[in-house]
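The values are calculated or read from the model by the stated rules, or taken from the named source; none is laboratory data. All values derive from a computational prediction rather than experimental measurement. Virtual Cβ from ideal backbone geometry, glycine too; neighbours counted across all protein chains shown.
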Amino acid sequence: MSYGSALGVTTQASCLSRRAFLISSLLLGCAPGTRASRAQRPRSQVELGNEWSLIGYTEYRTNLPTRYDNQITSRACVVRQDGAGRRVLAEELAREPHSWTQFAGWSPDAKQAIIGRGWESPENGAWEEEHKTFRMTEGWLYDMYLLDMETGKLVNVTGVERVSSYNAGLFFVPGQSKLGTTSLINGISHPFIMDLDGRNKKDLTQGTEGFSYGFSASPSGEFVAYHKDYRIVVANRDGSDARKIETGQPFNFCPQWSPDGNWLLFVSGEHYNCHPYIVRPDGTGLRKLADRGGYRGVTPVYDVFDFHGGSSDVPVWSADGGCVFYTALVNGAVELMCASLDGRTEQLTHSQTGTLNYHPKPSCDGHWLAVGSNRTGTRQLYVMPVNGGPAIPITNVLPGHGAMWPHWQPEGNRPRAFS
């Protein structure tokens, strides 16, 4: 697993594997002039309605000589759910050479976007390419910003009372005036809780050893979950009373709370051979929901060699918690699937051999799915009905570019700037 599917969401943190955390989910970016003209785009075949949500995502180059060269082209973007109104966000954060931005989530009231901002020296990038591994002890800076969508004001919340030079996975803790994030300290990942202005950071692992990531909060805000050394952990919101969930499997990854807080969804099994499971937070009710049919659970990010491997493609809850969306290998294509909690499965896409569908994300109203796909040969984002049907392209980047990692804007007070 690598590159979590997201850096932060309104109710859940993104899931980040040990290597994935190091590249902060790589929600990569858009440079001006990388988009085909509107006249070239296919017309929508599905009526999306009169109320338009925004979808935040990241565009980036895919075919430059090295992964480092492509990484620093990343730009955080938004687009309307019908594919109109594309905009690059927080452009000032990427003006310094060798820096980039990534779209990472929304505030619950839809007024703020969460933006990741990275910088890496070319010398460190060259070292990593040569040694085919990350070196986070030097030449890196990664911070999380809140962007007011109406005023454009940016606040670097991980730069306040800084605990690390590498901070990712920012999210709003439900029911509290708190933010959660994950910070790398001396090579070890630690989940932190902080005030909305970035102050009063608290390490929920109490400084203990072990790599903790995949950090998320329950819908009530009372509990947190993460995986530590590939074991699922549930704790009180202050990090106390940490309890490991026993699965009998060596690899357990990316716990996500159901909308009602009664279940945790994660993948379990062996690395690159793991499948959707659910369990109650107290460790009871463990069961496998579906099988991924030999799919390794990782989708390629670039068109050139990437020592990091790809982007973790993990299952997600439906908006009402009644089913789980996941991807599986079917007849030579990675297809979008839906599994109900009783284990019944349905195939939602039917693709040509070699096609990859990945990173499904349901809209907040539960009616639509955003999904990434390479069905045209280029990594684009699509919107489709949750029960299957025509997939409408909402991005149209040119060959040699990609658009990935969608984040639906929550229902709420949408900013006038995009009304």
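Odds and ends about this structure:
- The stretch 146-174, subset within 23 Å of PRO122 (Cβ to Cβ) and touching a Leu at 6+ places or on another chain (Cβ under 7 Å), residue surrounded by the most Cβ atoms within 10 Å (Cβ to Cβ): ALA168
- Residue check, THR378 farther than 23 Å from VAL224 by Cα and over 20 Å from the mean Cα position of the chain (by Cα): no
- Search result, residues across the stretch 116-145 that are surrounded by 15 or more Cβ atoms within 10 Å (Cβ to Cβ) and in a helix (DSSP H, G or I): ASN124, GLY125, TRP127, GLU128, GLU129
- Odd one out for THR208, checked against (1) surrounded by fewer than 16 Cβ atoms within 10 Å (Cβ to Cβ); (2) within 22 Å of GLY309 (Cα to Cα); (3) modelled with pLDDT under 90: (2)
- Residue within the stretch 279-294 that is of a type in the set (Asp, Glu), part of a loop (DSSP other than H, G, I, E, B) and within 25 Å of CYS338 (Cβ to Cβ) present: yes
- Selection within the stretch 251-278 - more than 16 Å from ALA217 (Cβ to Cβ), touching a strand residue (DSSP E or B) at 6+ places or on another chain (Cβ under 6 Å) and either charged (D, E, K, R) or not in a strand (DSSP E or B) (or both): GLU270, HIS271
- Of everything in the stretch 219-229 that is modelled with pLDDT under 90 and in a loop (DSSP other than H, G, I, E, B), the residue that is nearest to GLN176 (Cα to Cα) is GLY221.
- Scan of the stretch 73-131 for residues that are hydroxyl-bearing (Ser, Thr, Tyr), within 19 Å of the chain's Cα centre (by Cα) and more than 21 Å from GLN380 (Cβ to Cβ), ordered by number: SER107
- Residue within the stretch 143-161 that is farther than 27 Å from TRP52 by Cβ and touching a helix residue (DSSP H, G or I) at 6+ places or on another chain (Cβ under 8 Å) present: no
- Looking only at the stretch 185-202, and only at residues there that are modelled with pLDDT of 90 or more and in a strand (DSSP E or B), the one that is surrounded by the most Cβ atoms within 10 Å (Cβ to Cβ): PHE192
- Every condition in (1) closer than 25 Å to ARG287 by Cα; (2) buried (at least 19 other Cβ atoms within 10 Å of the Cβ); (3) free of Cβ contacts under 8 Å to residues at least 24 places away in the same chain holds for TYR382 except the one numbered (1).
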